[in-house]
Amino acid sequence: MEEWRKILVSADTSLQQIISIIDISSLQIALVIDDCQRLLGTITDGDIRRGLLKGLTLEDAAEKIMSRNPVTIKEDTDPQQALDLLKRYSIRHLPVVGGAGEIIGIKRMEELLGATKADNWVAIMAGGLGSRLRPLTDDCPKPMLRIGHRPLLEIIMKCFIKQGFSRFCLSVNYKGNQIKDYFGDGSDYMVEIKYIEEACSLGTVGSLSLFSISTDKPIIVINGDILTKLNFRELLEFHIEHQAKATVAVRGYDIEIPYGVVKTNRDRLTGFEEKPVYSCFINAGIYVLDPSVLKQIPPNTHYDMNQLLEAMLKDKNKITVFPIREYWIDIGDMADFKKANREIDEVFK
């Protein structure tokens with residue numbers, strides 16, 4: 001069966017079903033069709049994330065978020081013309097339609113350009129003390145703790161490598177020599193690794209004031225205690241599409257009040273809500289920064305990412321948020337460490 005046939009959905013298909021289809025398929029898109037196979041719209045990973053940010057739920061139907069006027073091509077469209085369309089509209093997919101508008105295939109940017117590697121640098125903040133994981137971190141930096149049979153930092157890096165990233169900058173401090181001795185210059189992994197060595201703790205972003213690598217491409221920054229199945233290419237594309245100075249990956253978080261909540265209007269009782277659940281987004285410890293942003297970080301000063309983002313907001317820099325719907329865990333304490341070890345073999349096969 002041709003791969004594109006697996007991504008055909010109807011207008012009433014739920015977002016939950018579409019997410020499963022997109023995740024399983026290598027095409028990273030769903031095509032919405034009618035009963036006669038005519039194309040009604042398209043749904044990308046980005047469309048889903050934007051819908052979730054607007055308050056849609058996983059039970060909502062495809063028709064609520066699909067792009068209703070997708071750019072399409074005919075079967076005999078010249079490959080260069082197809083490439084020009086992809087670049088002009090900043091898209092990655094071109095549905096191929098027949099004379100009656102029926103879907104007969106799909107062309108992707110990757111097919112037309114060939115497989116490409118990402119030139120973006122990935123900065124991994126691996127200098128923390130890991131105090132909440134003592135005594136495990138008494139003699140071992142937290143990023144080198146083993147999750148399953150491999151160091152946490154190695155799992156993080158291999159997730160990026162599988163997605164085509166090959167340039168890494170590791171910020172190290174506490175027992176940093178263990179990290180440097182293990183990874184070296186990256187040649188064993190066929191990647192490039194550079195190091196930022198903090199003489200003292202510089203916070204969650206302060207060390208990037210020492211980032212001396214010349215680049216004009218957005219930089220991915222990730223805390224060295226995050227495990228995720230996030231598609232980092234999608235994150236970069238989201239950042240570029242929105243022309244942001246920074247993008248913050250966020251995670252949905254539900255808080256259940258374990259009591260019946262009393263609703264009031266001044267001194268009058270107006271109703272009850274039994275054990276309500278409130279939803280919010282939390283910082284996921286993953287960011288994309290425009291290289292120019294690094295100049296705003298005070299040199300050799302303890303400086304946290306929240307301070308940088310707040311300063312950027314004051315300067316009216318554009319900051320976007322990117323919701324993570326994939327597996328994500330912040331290994332901050334012993335409970336998280338044990339949870340990650342239980343899940344590692346299943347999640348990171």
Check your understanding: Quick one: what pairs do we get from the stretch 110-131, first residue under 19 Å from Leu83 (Cβ atoms), second basic (Lys, Arg) and at pLDDT below 75, C-beta under 7 Å, 6+ apart or different chains?
Key -> none
Practice item. Could you identify the single residue in Leu86, Leu56 that is in contact with a strand residue (DSSP E or B) (Cβ under 9 Å, 6 or more places away or on another chain), hydrophobic (A, V, I, L, M, F, W, C) and either in contact (Cβ under 8 Å) with a residue 40 or more places away in the chain or outside the structural domain of His242 (by TED's automatic domain parsing) (or both)? Key: Leu86
Review point. Just one of the numbered conditions (1) surrounded by fewer than 18 Cβ atoms within 10 Å (Cβ to Cβ); (2) assigned to a loop (DSSP other than H, G, I, E, B); (3) not hydroxyl-bearing (Ser, Thr, Tyr) is not true of Pro70; which one?
Key: (1)
Review point. Does Leu133 qualify as being out of contact with any strand residue (DSSP E or B) (no Cβ under 7 Å at 6 or more places or on another chain) and surrounded by 20 or more Cβ atoms within 10 Å (Cβ to Cβ)?
Key: yes
Exercise for review: Would you check which residues across the stretch 89-103 are within 14 Å of Glu241 (Cβ to Cβ) and either assigned by TED's automatic domain parsing to the domain that holds Ile240 or touching an Asp or Glu at 6+ places or on another chain (Cβ under 9 Å) (or both) and list them?
Suggested key: Ser90, Arg92
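Name the single residue, out of those in the stretch 1-39 being among the hydroxyl-bearing types (Ser, Thr, Tyr) and within 20 Å of the chain's Cα centre (by Cα), that is farthest from His93 (Cα to Cα). First the steps, then the outcome.
Going through the stretch 1-39, the residues among the hydroxyl-bearing types (Ser, Thr, Tyr) turn out to be 10, 13-14, 20, 25-26.
Those still in the list that are within 20 Å of the chain's Cα centre (by Cα) too: 20, 25-26.
Values: Ser20: 19, Ser25: 14, Ser26: 12 Å.
Here the answer is Ser20.
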Exercise for review: Would you kindly identify the strands (runs of 3 or more DSSP E) lying entirely within the stretch 248-305 that contain at least 3 residues that are at pLDDT 90 or above?
Suggested key: 277-289
Study note, to complete from the structure: Counted residues in the stretch 307-331 being surrounded by fewer than 14 Cβ atoms within 10 Å (Cβ to Cβ) and either without any contact (Cβ under 8 Å) to a residue 24 or more places away in the chain or in contact with a Pro (Cβ under 7 Å, 6 or more places away or on another chain) (or both) come to 5
Practice item. Report, by residue number, each residue of the stretch 155-200 that is in contact (Cβ under 8 Å) with a residue 40 or more places away in the chain and under 23 Å from Phe337 (Cα atoms). Key: Ile155, Ile156, Cys159, Phe160, Leu170, Ser171, Val172, Asn173, Tyr174, Gly176, Ile179
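In the stretch 316-336, what residues are within 18 Å of Ile222 (Cβ to Cβ) and either part of a helix (DSSP H, G or I) or among the aliphatic types (A, V, I, L, M) (or both)? Please lay out each step first, then the result.
First, the residues of the stretch 316-336 that are within 18 Å of Ile222 (Cβ to Cβ): 319-332, 336.
The answer is Ile319, Val321, Ile324, Ile329, Ile331, Asp336.
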Revision key, fill the gap. Contact list, first residue from the stretch 332-349 and more than 16 Å from Leu133 (Cβ to Cβ) and modelled with pLDDT under 85, second anywhere and outside any helix (DSSP H, G or I) and of a type in the set (Lys, Arg), beta-carbon distance below 7 Å, six or more apart or interchain, is Val347/Lys229
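The values are calculated or read from the model by the stated rules, or taken from the named source; none is laboratory data. Keep in mind the model is a prediction, meaning the values are calculated, not measured. Cβ atoms come from the backbone with ideal geometry, glycine included; neighbour counts cover every protein chain shown.
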